[in-house]
């Protein structure tokens, strides 16, 4: 008499995604999160620039932040494109 039903595990390993696919998805997730952070920094830099109110030091800081956030967004986008191209080649 079986009180607890036994789980059938046939085909579980065969149905699992390959490790390469899991790694690519993880990299895309991390890069997407970095892109989101860079986008928030871009918006914050714009708000900081508008709130500078003629203060040269704060305006200069906002412009520097704007440049770095644009650089970060471009790096993230280029890396996403490179990862997707590598995944398509393999």
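Right, residue 57: surrounded by 13 or more Cβ atoms within 10 Å (Cβ to Cβ) and either assigned to a helix (DSSP H, G or I) or modelled with pLDDT of 95 or more (or both) or not?
In short, no.
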Looking at the structure I just gave you, is residue 33 in a helix (DSSP H, G or I) and touching a helix residue (DSSP H, G or I) at 6+ places or on another chain (Cβ under 7 Å)? no
Test residue 70 against the stated conditions and say whether it is closer than 30 Å to residue 21 by Cα, touching a helix residue (DSSP H, G or I) at 6+ places or on another chain (Cβ under 9 Å) and surrounded by fewer than 16 Cβ atoms within 10 Å (Cβ to Cβ). yes
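The values are calculated or read from the model by the stated rules, or taken from the named source; none is laboratory data. Because the structure is predicted, anything quoted here is derived from the model rather than measured. Backbone-built Cβ (ideal geometry, glycine too); neighbour counts: all protein chains shown.
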